[in-house]
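The values are calculated or read from the model by the stated rules, or taken from the named source; none is laboratory data. Values in this document were obtained by computation on a predicted structure and should not be read as measured data. Cβ: placed from backbone, ideal geometry, glycine included. Neighbour counts: every protein chain shown. Please note that ligands, DNA and RNA were not included when accessible areas were found on the heavy atoms of the full protein model with its side chains. Shrake-Rupley method; radii C 1.70, N 1.55, O 1.52, S 1.80 Å.
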Amino acid sequence: MNKISVIIPEKIGKISPEIYGHFTEHIGGVFYDGLWVGEESSVPNIKGFRKDLIDLLRKIKPPVIRWPGGCFAETYNWRDGIGPREKRPTTVNWWYNSDKKLETNQVGTHEFVEFCRLVGAEPYFAANVSSIPPLETRNWIEYCNFPEDSTSLAALRGENGAAEPFNISYWGIGNENWGGGGNMTPDDYCTQYRKVGTIVTSLDEQLYLIACGPNNNDLDWTRRFFEKWRDIAAGHPTDTQINGYSIHYYCHNDHDPLTFSRDEWYDNLSRAAYMETIIKQQSAVIETYAPDVKLIIDEWGNWHPDGSGPSNGENLFEQQSTMRDALVAAITLNIFNKHCDKIAMANVAQLVNNLHSLFLASGDKLTVTPNYYVFDMFKGHQDGQAVKTIVDSQKISFLDEGREEETSLIDCSASIKNNLLTLTITNSHLYKAQEVAIDFLGNRINSIKRYLELKADDPHHFNTFEEPDRISPEERTAKYTGSGADMKITLPAASVTLLELELSS
Ligand code: AHR
């Protein structure tokens, strides 16, 4: 029988809520028609943003939302997105070559901050490093954060309707500067980071600055960036800081998002499991150079071939999400919890009408995807103390381009908050339910407070505007009291399970 041991006394660290963060870019249908319908729309809205989406998003406690890109950030001029909306310029979006859509700038700094406040999240701004001068990033920060009327930019913010500062803490210095953000070498980028970081730090030392790390697990980028960082610092000590170091990792694949085969299912889940290797290897390198810098995974998720979403390819990168995507989300979030001592933030890409989305929306229609429910089931981990878990189960083999590979059958993570143990478990088996015995070491379980399962009659299923409840979690009831003893439960095939258990003390 499969076995999970929850070692309650072995604490890993506190799970920062920001691990459950989101990402929204001006791309395809994310903003226009996704989040933003405009104040005059017949679609119920709050200050121009879809009301139903706001209500649902609030429920899963989004801690932080990254904006305005992605690649878009690297040609964004924040000045285009302030002032009266009817006077804002129409500009060419970074993604113009792919979808010929223009940017109307109807959502800018003020609107995005408003959206974050409506859903209870902190904004995380990604600044343009490759196509505007560093002073403009400093100016944007001054515009957002300086006290009322203290400078001309702060007064301009007041004229634009926000006398009180926005107090934006999280600033990303560039996006994918190894690629769309200027095609830089790690050495070039380090020099650029240093320039921007220095003048930004001189403005405010309390900001949380995030440097651009590699694509996937490119250890060479990380080594070279930090070597250059160390060398410059040795020669020219300054107060320039790096708080977070961001990595982007997508589970890219060329499988049909809806009709994937058995091998494609396991191949995709094994790519999600690779996140653990990335975290271990990247943080080992970072620790040798800059032990205080934390990892940020500010873009992650599945990236399937385009066109499976409700817009039939109209919205760039929009894709449907099946139970395969839900499992990828749950496997990834379990990894983040287990390595919460190394990760400060993560942002799933992207919130609506895009890759690995939690919502799909068009006109007056909206549905949540199975990914939404994973975030809902995992929200109890936010701010919890992660505790060690050991899984003893077989591996499953599959073929990846003719090579035999294997991936785990069962994964989990556990955390404790207010005497409640949250345990989230995945069963990756495509067809077979799995019996699992769970051993709780070091404390007694008083009762099962909540037991939820996310599964589908067929793992290829997904939610649509017409059938929005095809996949949603089901409540189960079970009784258990004990300690050290095995609790036995059955995990349905291709499923995610949540157990909330009351501890005795
Ligand atoms: O999420 C879509 C794109 O993927 C982002 O703009 C970019 O940062 C990444 O390559």
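One table, with the values for the structure above:
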{"quantity": "Over segment 199-260, volume per residue of the alpha carbon convex hull, in Å³", "calculated": "107 Å³"}
{"quantity": "Difference of contour (0.36 nm per residue) and Cα-Cα distance, S152 to K432", "calculated": "94.4 nm"}
{"quantity": "Shape category assigned to segment 69-185 from the gyration tensor of Cα positions, a/c cut at 1.5", "calculated": "prolate"}
{"quantity": "Segment 26-104: projected area of the alpha-carbon convex hull, averaged over directions, in nm²", "calculated": "6.0 nm²"}
{"quantity": "Per-residue SASA entry for Y274, accessible area with 1.4 Å probe, Å² rounded to 10", "calculated": "90 Å²"}
{"quantity": "Alpha-carbon Rg/Rh ratio, for segment 153-224, with Rh computed the Kirkwood way", "calculated": "1.10"}
{"quantity": "Over segment 235-327: Rg over Rh, Cα atoms, Kirkwood Rh", "calculated": "1.14"}
{"quantity": "Distance histogram for segment 352-429 (every C-alpha pair counted, 10 angstrom bins, percent rounded to whole numbers)", "calculated": "16, 28, 31, 21, 4"}
{"quantity": "Computed [θ] at 222 nm, deg cm²/dmol, the chain (DSSP H ≥ 4; -39,500 (n - 2.57); rounded to nearest 500)", "calculated": "-8000 deg cm²/dmol"}
{"quantity": "Separation of the E467 and R117 label points, Cα + 7 Å toward Cβ, nm", "calculated": "4.2 nm"}
{"quantity": "Relative pair counts by distance (%), Cα atoms of segment 303-365, 5 Å bins", "calculated": "4, 17, 24, 20, 15, 10, 6, 3, 0"}
{"quantity": "Signed unit charges on C-beta, dipole axis of the chain, positive-most listed residue T389, V107, W140", "calculated": "T389"}
{"quantity": "Global geometry of segment 406-473, whether rounded, prolate or oblate, following the gyration tensor of its Cα atoms and the 1.5 cut on a/c", "calculated": "oblate"}
{"quantity": "Unit charges on C-beta of K, R, D, E only; dipole of the chain, Debye", "calculated": "1180 debye"}
{"quantity": "Spin-label pair L441/E401, simplified geometry with 7 Å Cα→Cβ offset, distance in nm", "calculated": "4.0 nm"}
{"quantity": "Efficiency of FRET between S261 and K100 - r from beta-carbon atoms, R0 51 angstrom, step 0.05", "calculated": "0.90"}
{"quantity": "Nonlocal amide H pairs with N45, under 5 Å, H built at 1.01 Å", "calculated": "K51"}
{"quantity": "Cα-based equivalent ellipsoid, segment 11-66: semi-axes from gyration tensor eigenvalues, Å", "calculated": "28, 13, 7"}
{"quantity": "Compactness index (Cα Rg / 2.2 N^0.38 Å), segment 227-280", "calculated": "1.92"}
{"quantity": "Relative counts (whole %) of C-alpha pair distances in segment 157-307, using bins that are 10 Å wide", "calculated": "10, 34, 28, 17, 9, 1"}
{"quantity": "E10 versus D364: modelled label distance in nm, points set 7 Å from Cα along the beta carbon direction", "calculated": "5.6 nm"}
{"quantity": "Accessible carbon and sulfur surface of segment 312-429 relative to its total accessible area, %, 1.4 Å", "calculated": "39 percent"}
{"quantity": "Shape call, segment 333-391: gyration tensor on alpha carbons, a/c limit 1.5", "calculated": "prolate"}
{"quantity": "Cα extents of segment 63-131 along the three principal axes, largest first (Å)", "calculated": "34, 26, 21"}
{"quantity": "Value of Rg/Rh across segment 349-505 [Cα atoms, Kirkwood radius]", "calculated": "1.00"}
{"quantity": "R224 accessible area, 1.4 Å probe, all protein chains in place, Å² to nearest 10", "calculated": "90 Å²"}
{"quantity": "When segment 121-186 is reduced to its Cα atoms, the Kirkwood hydrodynamic radius in Å", "calculated": "12.9 Å"}
{"quantity": "With every protein chain in place, segment 42-200: carbon and sulfur % of accessible area (1.4 Å)", "calculated": "52 percent"}
{"quantity": "Three semi-axes of the equivalent ellipsoid, segment 294-427, Cα gyration tensor, whole Å, largest first", "calculated": "27, 21, 13"}
{"quantity": "Normalised alpha carbon radius of gyration of the chain [divisor 2.2 N^0.38 Å]", "calculated": "0.97"}
{"quantity": "Rounded Å value of the spacing that divides the Cα centres of segment 439-505 and segment 309-372", "calculated": "21 Å"}
{"quantity": "Residues of the chain: accessible area per residue with a 1.4 Å probe, Å²", "calculated": "38 Å²"}
{"quantity": "Rounded to whole Hz, the Karplus (6.51, -1.76, 1.60) HN-Hα couplings of segment 35-46, x for glycine and proline", "calculated": "7, 9, 10, x, 5, 8, 5, 7, 6, x, 9, 10"}
